[in-house]
Amino acid sequence: MLDDEKIRWMSALDLMRAYKAKEVSPVEVTESILRTVEKVNPKVNAIVTLTDQLALEMAKESESAYMNGNPRLLEGVPVTIKDLIVTKGIRTTYGSKLFEDCVPDVDAVLVERIRHAGGVILGKTNVPEFGLIAVTDNLIFGPSRNPWDLLRTTGGSSGGAAAALACGFGPIAVGNDGGGSIRIPASLCGVFGLKPQFGRVPSYPHLVRGWETLNHEGPLSRTVADSALLLDVMAGSDDRDRFSLPEPNISYLETLKAEIKGLKIAYTQDLSVDAVDKEVVEITRKAAGVFEDLGARVEEDDPGIPKMDMELTTMVIVETFVAHEHHLSEAREKMFPLYKPLLDLADSFKATDIVRANFKREDLWEKIRLFFERYDILLTPTTACAAFELKEGGMLGPEMIDGKPVSPASWVGFTFPFNFTGQPAASVPCGFTSEGLPVGLQIVGRRLDEQTVFRVARAFEEAKPWGDLHPPL
């Protein structure tokens, strides 16, 4: 029997190898991780609905599958599900008082696939209400706290998912990303996260509407290979999501074996942000240089994209208002205090503002498309700063970066442009600030090309491994 500390940091692939070798059982692993959650979760508030009994039942089924010699692709691997993703028979709150007692009678498509692949569902992870901001806090559960510094944010909106991984609450997690919501907390919490190509993982159902053309479902994990494995499980068409893409007909896990020698890679610290922390620039530029040593050609270059903070804000405000107009009075009463002005602002927008936002989205794609005719990969900082201190009453982001005043969305200005374009993009841990806070390097790939993003991420992981670095909880 392996001890709790050993189990806590094992990857999904290592766990399944251990199951097959009869070194440990799915039930023993699940019980071990539940003990870790019991001890550590009160400090970080990452898991908000623990499904301990369900997890043990699923682990027993997985144990039988190994005994019978027919394990499935994810058999016996503990996984957490973000609380914006619908789960049959499991409380799904969206971090909102409006859905505080919601227990859906249907699974999201990706949850169906995880269940069918033998995954063990540990519970639901914390989110900002409806995932509207990049700081994980809400009126039901309160804020998630960064495992590297409990006074600081995890980022969001998959903040609970990233914090859970950093604490060793299972090796894989499911999040979604409408403006950086996988990559931002992955960066701030020191784990790996991938926003796949838009439509790669079906998104259905939508009990709360909005973000339909921006949201990407995707994996988070402590290793690149585990995210590739989880994407193998979740990817593929489903007619319930009209945007979903056909079967990829490849194994993302298998593509990790390919080399990156000869790839053309660009790095920029600019993109469309107001300011970037000097340490973040230094750490990510040094990380970009690693790829030269691995045989790629790296240049500093910028696609010169338009600034789109206002377009994102326009879409979020208008979609939020329309999604809740059927219960507007209740929403005004119960929503997170930072959100209430959004409902009043919606009337100030016109239909032409939405059209202009979509036109500018096409302008952005034209710039990016031409840039990726010259490069295979674009590297940037994932966020403009490392994790900042939480503020009572909530916050949208830091007011100052590198001594300069910044707009509320500027600190995530590296991530949301690629929700507009739909390209695959990942965040890999690439270093720590002088205060011991993780910094992420964003890896952006060509349209439909998750394979190269995974290959580049895996190459960096092998050159500069982060798997043995854990927060001092």
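Setting aside same-chain residues fewer than 8 positions from K367, which lysines have a Cα under 18 Å from its Cα?
Correct list for K367: K264, K307.
How many nm is it between the label spots at A258 and L150, if each spot is 7 Å from the Cα in line with the beta carbon?
4.5
Might you report the magnitude of the Cβ-based charge dipole of the chain about its Cα centre, with Lys and Arg at +1 and Asp and Glu at -1, to the nearest 20 debye? Before the final figure, lay out the partial values.
Working: 51 positive and 68 negative charges, 68 e Å.
It comes to approximately 320 debye.
Restricting things to alpha carbons, tell me how big the range 194-342 is in terms of Rg and Dmax, in Å.
Radius of gyration, then largest Cα-Cα span, for the range 194-342: 20.1, 59 Å.
Looking at this model, which pairs from K22/K43; K257/K286; K6/K464; K88/K350 are more than 28 angstrom apart at the alpha-carbon?
On the way: K22/K43 33 Å; K257/K286 24 Å; K6/K464 22 Å; K88/K350 38 Å.
As for pairs spanning more than 28 Å Cα to Cα, those are K22/K43; K88/K350.
If you wrap a convex hull around the Cα atoms of the chain, how much volume per residue is inside, in Å³? Don't jump to the answer; show the numbers that get you there.
On the way: hull volume 62.4 nm³, N = 473.
Spread over its residues, the Cα hull of the chain gives 132 Å³ apiece.
Using alpha-carbon pairs under 8 Å, 6+ residues apart, how would you state the relative contact order of the chain in percent? Each step should come with its number before you reach the end.
Working: 1093 pairs, mean separation 78.6, N = 473.
Reported relative contact order: 17 percent.
Just add up the charged neighbours of L328: K/R +1, D/E -1, any other residue whose Cβ is under 12 Å from the Cβ of L328.
On the way: positive: R332, K334, K340; negative: E325, E330, E333, D344, D347.
With Lys, Arg at +1 and Asp, Glu at -1, the neighbours total -2.
Fewest first, what order do C102, C167, C189 take by the number of other Cβ atoms within 10 Å?
Details: C102 14, C167 23, C189 35.
The fewest-first ordering by Cβ neighbours comes to C102, C167, C189.
Over its Cα atoms, what ratio of radius of gyration to 2.2 N^0.38 Å does the range 95-247 give? List each step's numbers first, then the result.
On the way: Rg = 14.5 Å, N = 153, 2.2 N^0.38 = 14.9 Å.
Output field value: 0.98.
Hey, any idea what the orientation-averaged projected area of the convex hull of the range 45-90's Cα atoms comes to, in nm²? Each step should come with its number before you reach the end.
Values: hull surface 15.2 nm².
Directional mean of the projected Cα hull area for the range 45-90 stands at 3.8 nm².
Can you spot the lysines whose alpha carbon is less than 20 Å from K195's alpha carbon? Ignore those fewer than 8 places along the same chain.
Partners within reach: K82, K124.
Provide the convex hull volume over Cα atoms per residue for the range 302-347, in Å³. Could the numbers behind the result be given before it?
Working: hull volume 3.7 nm³, N = 46.
So the per-residue hull volume is 80 Å³.
When the gyration tensor of the range 251-299 is built from Cα positions, what are the square roots of 5 times its three eigenvalues, in whole Å, from largest to smallest?
On the way: eigenvalues 133, 35, 21 Å².
Whole-Å semi-axes of the equivalent ellipsoid: 26, 13, 10.
Using a basic spin-label model with each label point 7 Å from the Cα along Cα→Cβ, how many nm lie between V355 and Q53?
That separation, rounded to one decimal, is 5.6 nm.
Is the range 417-472 rounded, prolate or oblate when judged by the Cα gyration tensor, a ≥ b ≥ c being the square roots of its eigenvalues, rounded requiring a/c under 1.5 and prolate requiring a/b larger than b/c?
Details: a/c = 3.44, a/b = 1.74, b/c = 1.98.
Taking the square roots of the gyration eigenvalues as a ≥ b ≥ c, the range 417-472 is oblate.
Take the eigenvalues of the Cα gyration tensor for the range 370-473, scale each by 5, and report the square roots as semi-axes in whole Å, largest first.
26, 20, 11
Using a cut-off of 13 Å between beta-carbons, work out the net charge of the residues near F349 (Lys and Arg +1, Asp and Glu -1, F349 not included).
On the way: positive: K350, R356; negative: E311, E319, D344, D347, D353.
Charge balance in the 13 Å sphere: -3.
Treating only the Cβ atoms of Lys and Arg (+1) and Asp and Glu (-1) as charged, compute the dipole magnitude of the range 227-361 about its Cα centre; round to the nearest 20 debye.
Numbers: 17 positive and 27 negative charges, 37 e Å.
The dipole magnitude comes to about 180 debye.
The numbers here are math on the coordinates, done by the rules we state, and not lab data. Model, not experiment: these values are computed from the prediction. FYI the Cβ positions are ideal-geometry reconstructions off the backbone, even for glycines, and counts take in every protein chain you see.
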